[in-house]
Amino acid sequence: MRTIIQSPTRTVAIGPDSPFCVIGERINPTGRARLQAQLQAGDLSQLETDVAEQVAGGADVLDVNVGDPLADEVGLMGRAVPFVQGRCDLPLCIDSSIVEALHAGLAAYDGKALVNAVTGEDDRLEAVLPVVARHGAAVIGLCTDDEVSLDPDRRLAVARKIVAAAADHGIPPEDVLIDPLALPIGTEPRAVTCFLDTLRLLRDELGVNTTCGASNTTFGMPGRHALGAAFLAVAASHGLTSAIMDARRDDTVEAVRATDVLLGRDEWGAAWIARYRARQAART
């Protein structure tokens, strides 16, 4: 099963036989006071740098989140999407908890987008999925509803509900990426083992493609970038097909590209060798 998302000039396939999909997380005001102030003033100029750095880092898709409680998120999303598309050819992931902002971003988008995200509550499914279906997008479904459970079977049940609800709205399973729910290991030592068990169930029982917010796993831990690189390599080897992650970090991007080679998703290491040669040439 492959999930296809597109810009006017580029198609990205997410699937177990495709290279790992790096979804750049940087266009997000969380923890960025300067960007928050700029968004509140209606200023999108920082996004130009954010786009360039993530493209240079090797992102396949860019997540666009302009959510700030003191900013006009709906208006900003409608402007941010064409702003970003004017500066790169990567497909986009429209990221908001506000349905009107999702609609504004999807209406402004040229191509087939990914939407982040929907959870398993009935009201959220009925609010988000019609918007996704109307715009022909793909969607991320989080394995949570009104309860954040550490039980992999409970998470699988929520995933089944999301996939079934999406089908009721005309969204096929290949257009639903399930997020097994990455939680910080600093607050829950079982977080990663639960994630991997859920990942196995999703692969074996539903066959859907998967993603996660990879940075959540290492939040608050020392040496978090080394931990994050290890987490991504392990998760990819267990079937994770994409992640929302810091595409500017060479160590984390290299970890998933190396995993592609080792798992046979980069035949003869062609992409790995080309990337290596390009970086060597740039240094020279």
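Throughout, read-outs are computed from the coordinates displayed, never taken from laboratory work. Please read these numbers as outputs of a predicted model, since none were measured by experiment. Cβ placement follows ideal geometry from the backbone for every residue including glycine, while neighbour counts extend to all protein chains displayed.
With the requirement that a residue be surrounded by fewer than 18 Cβ atoms within 10 Å (Cβ to Cβ) and closer than 20 Å to D145 by Cα, what does the stretch 162-186 give you?
From the stretch 162-186, those surrounded by fewer than 18 Cβ atoms within 10 Å (Cβ to Cβ) are 164, 167-170, 172-174, 184, 186; that's our starting set.
Across the stretch 162-186, the qualifying residues are A164, A167, D168, H169, P173, P184.
Can you find, within the stretch 202-224, the residue that is surrounded by the fewest Cβ atoms within 10 Å (Cβ to Cβ) among those that are closer than 15 Å to P173 by Cβ and of a type in the set (A, V, I, L, M)? Across the stretch 202-224, the extreme among qualifying residues is L206.
For the stretch 153-190, give me each residue that is part of a helix (DSSP H, G or I), within 20 Å of the chain's Cα centre (by Cα) and acidic (D, E).
Step one: list which residues in the stretch 153-190 are part of a helix (DSSP H, G or I), which gives 153-168, 173-175.
Those left that are additionally within 20 Å of the chain's Cα centre (by Cα): 155-156, 158-160, 162-163, 166, 173-175.
Across the stretch 153-190, the qualifying residues are E174, D175.
Filter the stretch 1-44 down to the residues that are more than 26 Å from V74 (Cα to Cα), assigned to a loop (DSSP other than H, G, I, E, B) and touching a helix residue (DSSP H, G or I) at 6+ places or on another chain (Cβ under 6 Å) and list them by number. Answer for the stretch 1-44, where residues must be more than 26 Å from V74 (Cα to Cα), assigned to a loop (DSSP other than H, G, I, E, B) and touching a helix residue (DSSP H, G or I) at 6+ places or on another chain (Cβ under 6 Å): M1, P19, F20. Checked against the criterion of being out of contact with any Cys (no Cβ under 8 Å at 6 or more places or on another chain), crowded, with 18+ Cβ neighbours inside 10 Å and not acidic (D, E), the candidates A33, A59 yield just one match: A59.
Would you confirm whether or not the stretch 112-125 contains a residue that is in contact (Cβ under 8 Å) with a residue 60 or more places away in the chain, in a strand (DSSP E or B) and over 22 Å from S215 (Cβ atoms)?
Checked the stretch 112-125: at least one residue is in contact (Cβ under 8 Å) with a residue 60 or more places away in the chain, in a strand (DSSP E or B) and over 22 Å from S215 (Cβ atoms).
Here is a check on your reading of the model: is A282 surrounded by fewer than 20 Cβ atoms within 10 Å (Cβ to Cβ), on the phi < 0 side of the Ramachandran plot, small (G, A, S) and over 19 Å from the mean Cα position of the chain (by Cα)?
Details: surrounded by fewer than 20 Cβ atoms within 10 Å (Cβ to Cβ): yes; on the phi < 0 side of the Ramachandran plot: yes; small (G, A, S): yes; over 19 Å from the mean Cα position of the chain (by Cα): yes.
For A282, the condition - surrounded by fewer than 20 Cβ atoms within 10 Å (Cβ to Cβ), on the phi < 0 side of the Ramachandran plot, small (G, A, S) and over 19 Å from the mean Cα position of the chain (by Cα) - is met.
Scanning the stretch 45-82 for residues that are part of a helix (DSSP H, G or I) and among the acidic types (D, E), which turns out farthest from I94 (Cα to Cα)? Talk me through it step by step, then tell me what you get.
Taking the stretch 45-82 as the starting set, the residues that turn out to be part of a helix (DSSP H, G or I) are 46-57, 73-82.
Now narrow it down to the ones that are among the acidic types (D, E): 48, 50, 53, 73.
Values: E48: 17, D50: 15, E53: 19, E73: 12 Å.
Within the stretch 45-82, the match that is farthest from I94 (Cα to Cα) is E53.
Of the numbered criteria (1) touching a Pro at 6+ places or on another chain (Cβ under 9 Å); (2) surrounded by fewer than 17 Cβ atoms within 10 Å (Cβ to Cβ), the one Q38 fails is (2).
Residue pairs whose Cβ atoms lie under 8 Å apart, separated by 6 or more positions or on different chains, with the first residue in the stretch 1-20 and more than 19 Å from V55 (Cβ to Cβ) and in contact (Cβ under 8 Å) with a residue 12 or more places away in the chain and the second assigned to a strand (DSSP E or B) and charged (D, E, K, R), are I4/K112. In the set (1) among the small types (G, A, S); (2) under 20 Å from R2 (Cα atoms); (3) within 19 Å of the chain's Cα centre (by Cα), G228 fails one condition alone, (2).
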